[in-house]
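Shown next, in structure tokens, is the structure this report addresses.
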């Protein structure tokens, strides 16, 4: 069994406001508190820390304590002998918390962000605190892809390498986290890279699902004799352009920039071909290595100027800033 520290009780007021229990089933407390209870019921030695513990509903706190979870308001104390640290911390404060606890993390600890921060943000905070990843501390996501404690929460999403093949965890530490998650009876989905965890697990999956379906529909222009290389290039160009517009003006700016009348007119002339086509998906192999952000051309230019190490810094900072904006 493992020593597990869960940081963050969970925003119970939010869960009540959105009607989590009514819509998804289950009984509060949800969030970090529910995760801590699951780990304790699985036989692990669990401590739950939250600086605002005294503001929680006493009934919720008692339920957690009755499940065998140790409670504290001291994050540093909670992680001082932990094998696994689960970060169910609020948006916007996780980085500060990691900097505070970094000196107290035992060597070999696995630090696992859930849904409020990225592994890149955690990695950067640990580096700035003088801790080496993964030599001293491993960083592995444990994304619940739902609200812990509800009946809909049946799995965790995780990964331990980046798109460029950089390992964020020692393999034995990664296996330890997986075993802890699986011990709760939840299924663990191991994704190819850490970059995929958030787009598959967060609310943005609503968008990803539609994008995947749109790409399948777009593939049907193959029946018009379009070469696959052109189809792939156009898909990439469209997605890159839309991303740039959203970055500059948000979704509102993108919608205000696009002329929906023009799009509908053009689509009406293409739709008959799409409807008649099979949309057969070309065969392909999973991508082993990729550069998520910035693009390949930027990578080549930066590497020439400042070397591979400088490029890794640029790439990590780009992802940190992207996820930081996402959390604000």
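General remarks:
- Criterion (at pLDDT 90 or above and either touching a helix residue (DSSP H, G or I) at 6+ places or on another chain (Cβ under 7 Å) or within 30 Å of residue 189 (Cβ to Cβ) (or both)) met by exactly one of 238, 221: 238
- Residue check, residue 160 at pLDDT below 95, closer than 19 Å to residue 4 by Cβ and in contact with a helix residue (DSSP H, G or I) (Cβ under 7 Å, 6 or more places away or on another chain): yes
For (1) over 30 Å from residue 318 (Cα atoms); (2) touching a strand residue (DSSP E or B) at 6+ places or on another chain (Cβ under 6 Å), each residue gets a yes or a no:
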| residue | (1), (2) |
| --- | --- |
| 148 | no, no |
| 152 | yes, no |
| 155 | no, yes |
| 159 | no, no |
| 163 | no, no |
| 168 | no, yes |
| 173 | no, yes |
| 177 | no, yes |
| 188 | no, yes |
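- Residue in region 52-67 that is under 20 Å from residue 113 (Cβ atoms) and surrounded by 21 or more Cβ atoms within 10 Å (Cβ to Cβ) present: no
- So residue 107, is it modelled with pLDDT of 95 or more, loosely packed, with under 15 Cβ neighbours inside 10 Å and within 23 Å of residue 194 (Cα to Cα): yes
- Residue match in region 148-155 (condition: assigned by TED's automatic domain parsing to the domain that holds residue 194, under 30 Å from residue 25 (Cβ atoms) and surrounded by fewer than 15 Cβ atoms within 10 Å (Cβ to Cβ)): yes
- Checking residue 195 against (1) more than 19 Å from residue 119 (Cβ to Cβ); (2) in contact with a helix residue (DSSP H, G or I) (Cβ under 9 Å, 6 or more places away or on another chain); (3) at pLDDT below 95, the condition it does not meet: (1)
The values are calculated or read from the model by the stated rules, or taken from the named source; none is laboratory data. Treat the numbers as computed from the prediction; the structure is a model and nothing was measured. FYI the Cβ positions are ideal-geometry reconstructions off the backbone, even for glycines, and counts take in every protein chain you see.
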